[in-house]
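Report on one structure; see the data block that follows.
The values are calculated or read from the model by the stated rules, or taken from the named source; none is laboratory data. No experiment lies behind these values; they were computed from the predicted model shown. Counting neighbours? That spans all protein chains shown, and the Cβs are built from the backbone with ideal geometry, glycine included.
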């Protein structure tokens, strides 16, 4: 009976150890990529000048205590679920943004928000809400395609580096043109006639009126450029004509 009780106690202790491990707490003496990420966050947030070495020492402890005090958390210097939530917006190591150097669908927090903001500033369709969802994934894929990167929709080291590089390519600017057709008039028609004349398609006067001669010139231009030859100067025709 005593032996059975001892076995039960041992099992309970073992479960407790597993439970503590799964709680994912970081304290003095801890080391690894998670600690490095905590140090990077604390430095970025202005909580000290910590050596980013992945080792949880006194400097990291002091910075964590200050962070906890400022965020009305228990100032014990231990990064548990509540402190991690305040820092990164998540409580689980598996979802800690960039813990393996890669941001992907399901991650949340300021690191994700910063990447989303950068993508938005480059013209990509994404909302900087700190949640790496489908919209962010699609924006990343578009960014990767435009910048010659493998379009996997995840922000790994290569994508991250390019994203913040001054040479990063954003969404190409496309000018929206008003559709012009026979009967249209105004400055836009004058511009159209002038361009067509310069290219040798139009030989009439620059009148600003979309007449039969202008329509014919547009048709000839469309045929030469594999466009629908309807004589209507729409978005595709005008973009091709002006090179925008």
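In table form, for the structure just shown:
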read-out	value
In the range 191-212, the residues that are within 45 Å of the chain's Cα centre (by Cα) and closer than 13 Å to residue 233 by Cα	191, 192, 193, 195, 196, 210
Exclusive hit being on the phi < 0 side of the Ramachandran plot and either in contact (Cβ under 8 Å) with a residue 60 or more places away in the chain or surrounded by fewer than 18 Cβ atoms within 10 Å (Cβ to Cβ) (or both), set 189, 126, 141	141
Residues that are farther than 10 Å from residue 77 by Cα and part of a helix (DSSP H, G or I), drawn from the range 46-66	59
Hits in the range 122-135 - residues which are in a loop (DSSP other than H, G, I, E, B) and in contact with a helix residue (DSSP H, G or I) (Cβ under 8 Å, 6 or more places away or on another chain)	122, 124, 125, 126, 127, 128, 129, 130, 132
Looking only at the range 212-244, and only at residues there that are surrounded by fewer than 17 Cβ atoms within 10 Å (Cβ to Cβ) and within 15 Å of residue 178 (Cα to Cα), the one that is modelled with the lowest pLDDT	244
Every residue from the range 74-104 that is at pLDDT below 85, in a helix (DSSP H, G or I) and farther than 28 Å from residue 144 by Cα	84, 85, 86, 87
Scope the range 48-72; condition surrounded by 18 or more Cβ atoms within 10 Å (Cβ to Cβ) and within 15 Å of residue 88 (Cα to Cα); matching residues	64, 67, 68
Count - residues of the range 144-153 that are under 19 Å from residue 106 (Cβ atoms) and surrounded by 18 or more Cβ atoms within 10 Å (Cβ to Cβ)	2
Some residue of the range 202-211 being surrounded by 19 or more Cβ atoms within 10 Å (Cβ to Cβ) and either in the same structural domain as residue 238 (by TED's automatic domain parsing) or at pLDDT 90 or above (or both)	yes
